[in-house]
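J.: Structure provided below as structure tokens; questions to follow.
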Amino acid sequence: MDFEYSPKVKEMQAKLLAFFDQHIYPNEKRFAEEIDANRRAGNAWIPTRVIEELKPLAREAGLWNLFLPRSPRAPQGLSNLEYATLCEIMGRVPWSAEVFNCAAPDTGNMETLERYASEELKDQWLEPLLAGEIRSAFLMTEPAVASSDATNIECRIERDGDHYVINGTKWWSSGAGDPRCKVYIVMGKTDPEAGRHEQQSMIVVPADTPGITIKRFLPVFGYDDAPHGHMEIELKNVRVPASNILLGEGRGFEIAQGRLGPGRIHHCMRSIGVAERALELLCKRALSRVAFGKPVSAQGVTQERIAEARCEIEMARLLTLKAAYMMDTVGNKVAKAEIAMIKVVAPNVALKVIDWAIQVHGAAGVSSDFPLASWWAHQRTLRLADGPDEVHRNAIAKLELAKHMNVNPDTIKMPVARGF
């Protein structure tokens, strides 16, 4: 494996870093102030002006839709390995990905539509998503069942003539709080009597369809994640055209496996970025403070943690790059163990580094004067999002055991788990 980035990627790295220096870092405070002002005014879900102002600049710089490989509708899309380093940079400021139209869950939904939707659905929904004109949500997780096992899903999608009728309740529907969210991709059961992995289907549902009710928003450790938001949504006799089904009945589990692979690794790429930023803040704070007669940076425990943080970040980055490389060269199915491993490793490394940075900042670390507390809350959710650690560890163990048994690893189903 060649560890050197191509000239194209190096050029884009430099361009993206320059964009951050010029437009992202200087606007971090403004972004927070806009959100706070909207919240005080009684509507935290108003989109921020700063992101809308920066989007055209990102498009002009050629930093747009970089996440989507091999799409004629987004020719600027990069391979997973090429995108990895750029996605890491975006992870340094969590809200920045939207500036480049590379934010979840839109990225996963756009990949799903590109891979599995009809041309009519692509024209209707993928094109405005690629243009950054609308946003979307993915409705899979449910409150009444353990959604870490997607076969438990109870939401019903039933055929009625030229339509499907949807009934069920979803939650942790990320992005559904945004008023620009115009379309959902919903996973539910079309045939409860079919095989365990053939019962589920996915269907495209316009967000303004009658019968849809946003019941409440769900804060995470007290953070509402506005204007993005995680919502609980009730679907009651929601009717959509039969042509909105993706691939056909019983293909939902298959689609979910295709959708969540890239989504998981994107999360991990951004986790590396936020871990790097946390380590930077840790070092700067340690160098600027004195405790017990010497700089905090000279304390043995601080130096030990800095060293361990650097080691773990580098290991996580290498595993992420390996997973991305394998996804590009041998496909998601063959790379399933690497995808599962990095999904466990990256958020845990980021959490550890952020936690150490909080310790060095003292009480300030858990305040809103620094971004560390909100970063920690977000990374903690990633140990549940797109499947909890335990599910991925279980899959990794099965693949490892298969090497020593008369078992074809291709027969081992990887989890379609989405705790968030």
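The values are calculated or read from the model by the stated rules, or taken from the named source; none is laboratory data. Just so you know, these numbers come straight off a predicted model, no measurement behind them. A quick note on method: Cβ atoms are made from the backbone with ideal geometry, for glycine too, and the neighbour counts reach across all protein chains shown.
J.: Looking at the structure I just gave you, is residue 250 out of contact with any Leu (no Cβ under 8 Å at 6 or more places or on another chain), free of Cβ contacts under 8 Å to residues at least 24 places away in the same chain and not in a helix (DSSP H, G or I)? If you could, list the steps in order and put the result at the bottom.
T.: Values: out of contact with any Leu (no Cβ under 8 Å at 6 or more places or on another chain): yes; free of Cβ contacts under 8 Å to residues at least 24 places away in the same chain: no; not in a helix (DSSP H, G or I): yes.
Against the criterion (out of contact with any Leu (no Cβ under 8 Å at 6 or more places or on another chain), free of Cβ contacts under 8 Å to residues at least 24 places away in the same chain and not in a helix (DSSP H, G or I)), residue 250 does not qualify.
J.: Considering only residues that are exposed (fewer than 15 other Cβ atoms within 10 Å of the Cβ) and aliphatic (A, V, I, L, M), which ones fall in region 275-290?
T.: 287, 290
J.: Out of region 325-363, which residues are under 19 Å from residue 276 (Cα atoms) and either aliphatic (A, V, I, L, M) or assigned to a loop (DSSP other than H, G, I, E, B) (or both)?
T.: 342, 344, 345, 346, 349, 350, 351, 353, 354, 357, 358, 360 - these are the residues of region 325-363 that are under 19 Å from residue 276 (Cα atoms) and either aliphatic (A, V, I, L, M) or assigned to a loop (DSSP other than H, G, I, E, B) (or both).
Table: residues versus (1) crowded, with 22+ Cβ neighbours inside 10 Å; (2) under 31 Å from the mean Cα position of the chain (by Cα); (3) assigned to a helix (DSSP H, G or I); (4) among the basic types (Lys, Arg).
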{"site": "270", "(1), (2), (3), (4)": "yes, yes, yes, yes"}
{"site": "273", "(1), (2), (3), (4)": "yes, yes, yes, no"}
{"site": "303", "(1), (2), (3), (4)": "no, no, yes, no"}
{"site": "307", "(1), (2), (3), (4)": "no, yes, yes, no"}
{"site": "312", "(1), (2), (3), (4)": "no, yes, yes, no"}
{"site": "317", "(1), (2), (3), (4)": "yes, yes, yes, yes"}
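J.: Given the conditions (1) at pLDDT 95 or above; (2) outside any strand (DSSP E or B), which single one is not true for residue 148?
T.: The single condition residue 148 does not satisfy is (1).
J.: Shifting gears a bit: Could you check residue 46 against (1) in a loop (DSSP other than H, G, I, E, B); (2) free of Cβ contacts under 8 Å to residues at least 24 places away in the same chain and say which number it fails?
T.: Here residue 46 clears every test but (2).
J.: If residue 305 satisfies all but one of (1) within 30 Å of residue 408 (Cβ to Cβ); (2) touching a residue at least 40 places away in the same chain (Cβ under 8 Å), what's the number of the condition it fails?
T.: Answer for residue 305: the failing condition is (1).
J.: Report whether or not residue 108 is of a type outside the set (A, V, I, L, M), within 18 Å of residue 75 (Cα to Cα) and assigned to a loop (DSSP other than H, G, I, E, B).
T.: Answer is no for this residue.
J.: Taking residue 47, is it touching a Phe, Trp or Tyr at 6+ places or on another chain (Cβ under 9 Å) and at pLDDT below 95?
T.: Working: touching a Phe, Trp or Tyr at 6+ places or on another chain (Cβ under 9 Å): no; at pLDDT below 95: yes.
Answer is no for this residue.
J.: Of 223, 325, which residue is of a type in the set (Ser, Thr, Tyr) and in the same structural domain as residue 159 (by TED's automatic domain parsing)?
T.: Values: 325 fails: in the same structural domain as residue 159 (by TED's automatic domain parsing).
That would be 223, the only listed residue that is of a type in the set (Ser, Thr, Tyr) and in the same structural domain as residue 159 (by TED's automatic domain parsing).
J.: Quick one: in region 151-180, of everything that is aliphatic (A, V, I, L, M) and more than 18 Å from the chain's Cα centre (by Cα), which residue is nearest to residue 383 (Cα to Cα)?
T.: Among those that are aliphatic (A, V, I, L, M) and more than 18 Å from the chain's Cα centre (by Cα), it is 153.
J.: In region 354-393, what count of residues is obtained for those that are buried (at least 21 other Cβ atoms within 10 Å of the Cβ) and among the polar types (S, T, N, Q)?
T.: The number of residues fulfilling the criteria is 1.
J.: Can you say whether residue 137 is under 23 Å from residue 227 (Cα atoms) and either surrounded by fewer than 24 Cβ atoms within 10 Å (Cβ to Cβ) or polar (S, T, N, Q) (or both), as far as the supplied structure shows?
T.: Working: under 23 Å from residue 227 (Cα atoms): yes; either surrounded by fewer than 24 Cβ atoms within 10 Å (Cβ to Cβ) or polar (S, T, N, Q) (or both): no.
In short, no.
J.: Could you check region 213-232 and list, in sequence order, the residues that are part of a loop (DSSP other than H, G, I, E, B) and either touching a Gly at 6+ places or on another chain (Cβ under 6 Å) or surrounded by fewer than 20 Cβ atoms within 10 Å (Cβ to Cβ) (or both)? Don't jump to the end; show me each part of the working.
T.: Looking only at region 213-232, we keep the residues that are part of a loop (DSSP other than H, G, I, E, B), and these are 218-219, 221-222, 224-229.
The answer is 218, 219, 221, 222, 224, 228, 229.
J.: How many residues does region 99-134 contain that are of a type in the set (S, T, N, Q) and surrounded by fewer than 16 Cβ atoms within 10 Å (Cβ to Cβ)?
T.: First pass over region 99-134, keeping only residues of a type in the set (S, T, N, Q): 101, 107, 109, 112, 118, 124.
Filter again for surrounded by fewer than 16 Cβ atoms within 10 Å (Cβ to Cβ), leaving 118.
Total meeting the criteria: 1.
J.: In region 394-407, which residue that is surrounded by 14 or more Cβ atoms within 10 Å (Cβ to Cβ) and among the small types (Gly, Ala, Ser) is farthest from the chain's Cα centre (by Cα)?
T.: 402
J.: Does region 328-342 contain at least one residue that is closer than 24 Å to residue 104 by Cβ, without any contact (Cβ under 8 Å) to a residue 60 or more places away in the chain, surrounded by 18 or more Cβ atoms within 10 Å (Cβ to Cβ) and touching a helix residue (DSSP H, G or I) at 6+ places or on another chain (Cβ under 8 Å)?
T.: Within region 328-342 (the criterion being closer than 24 Å to residue 104 by Cβ, without any contact (Cβ under 8 Å) to a residue 60 or more places away in the chain, surrounded by 18 or more Cβ atoms within 10 Å (Cβ to Cβ) and touching a helix residue (DSSP H, G or I) at 6+ places or on another chain (Cβ under 8 Å)), the answer is yes, since at least one residue qualifies.
J.: Do we have residue 235 as surrounded by 22 or more Cβ atoms within 10 Å (Cβ to Cβ), within 26 Å of residue 97 (Cα to Cα) and under 26 Å from the mean Cα position of the chain (by Cα) here?
T.: On the way: surrounded by 22 or more Cβ atoms within 10 Å (Cβ to Cβ): yes; within 26 Å of residue 97 (Cα to Cα): no; under 26 Å from the mean Cα position of the chain (by Cα): yes.
Considered against the rule, which asks whether it is surrounded by 22 or more Cβ atoms within 10 Å (Cβ to Cβ), within 26 Å of residue 97 (Cα to Cα) and under 26 Å from the mean Cα position of the chain (by Cα), residue 235 comes out as no.
Okay, residues lined up against (1) under 29 Å from residue 218 (Cβ atoms); (2) at pLDDT below 95:
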{"position": "304", "(1), (2)": "no, no"}
{"position": "309", "(1), (2)": "no, no"}
{"position": "320", "(1), (2)": "yes, no"}
{"position": "338", "(1), (2)": "no, no"}
{"position": "387", "(1), (2)": "yes, yes"}
{"position": "391", "(1), (2)": "yes, yes"}
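J.: Can you name the condition, by its number, that residue 258 falls short on among (1) without any contact (Cβ under 8 Å) to a residue 60 or more places away in the chain; (2) out of contact with any strand residue (DSSP E or B) (no Cβ under 7 Å at 6 or more places or on another chain); (3) of a type outside the set (A, V, I, L, M, F, W, C); (4) farther than 30 Å from residue 38 by Cα?
T.: In the conditions (1) without any contact (Cβ under 8 Å) to a residue 60 or more places away in the chain; (2) out of contact with any strand residue (DSSP E or B) (no Cβ under 7 Å at 6 or more places or on another chain); (3) of a type outside the set (A, V, I, L, M, F, W, C); (4) farther than 30 Å from residue 38 by Cα, residue 258 misses (1) alone.
J.: Scan region 72-97 and report the pairs whose first residue is at negative phi and assigned to a loop (DSSP other than H, G, I, E, B) and whose second residue is surrounded by fewer than 23 Cβ atoms within 10 Å (Cβ to Cβ) and hydroxyl-bearing (Ser, Thr, Tyr), with Cβ atoms within less than 8 Å and a gap of 6+ or a chain change.
T.: Close Cβ pairs (under 8 Å, with a partner that is surrounded by fewer than 23 Cβ atoms within 10 Å (Cβ to Cβ) and hydroxyl-bearing (Ser, Thr, Tyr)) amount to 77/71; 93/25.
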